[in-house]
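Reading through the structure tokens given below for one structure.
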Amino acid sequence: MPDTPSAVGWVYLAGLVLLFLVCREIVCWYFKLNEITSLLRQVRDRLSSMQAYGIGEEAAAKAPPAVQERITSSLERGWSWIRGEWSSQRPVIIAVLVFVVFVVAVVIGFTAS
């Protein structure tokens with residue numbers, strides 16, 4: 001066990017960083033953020049390659065207003081569903097935060113004694 005206060009501080013800081021990384025990975029796994037990020041990157045890459053070749057620009061310009069309205073309403077429904085899912089996961093987020101605060105309090109309690 002380290003004797004000096006600065007060594008205890010460094011150990012405490014390293015523990016907090018490790019705890020943060022573990023909790024972050026659990027939250028990312030639960031909400032599948034890593035998969036969502038990789039899918040969004042694939043979509044971005046495909047769209048940029050389509051734009052480089054000029055694919056899709058003519059079709060978007062020639063789309064009838066009814067089709068554009070259906071696409072817009074579908075996107076709005078999707079966004080409202082996503083907002084609803086995030087709000088329904090609020091108890092899980094609160095539980096994870098309470099757990100993190102509890103672990104930090106336990107670590108502080110052990111290092112103080």
Legend entry - Cα-projected label distance for residue 93 with residue 46, points at 7 Å along beta-carbon direction, nm: 2.9 nm
Legend entry - residue 32/residue 66 FRET efficiency (R0 35 Å; Cβ-Cβ; nearest 0.05): 0.55
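Any read-out appearing in this document is the output of simple, stated calculations on the displayed coordinates, not a laboratory observation. Just so we're clear, the structure is a prediction, and the values are computed from it rather than from any experiment. Virtual Cβ from ideal backbone geometry, glycine too; neighbours counted across all protein chains shown.
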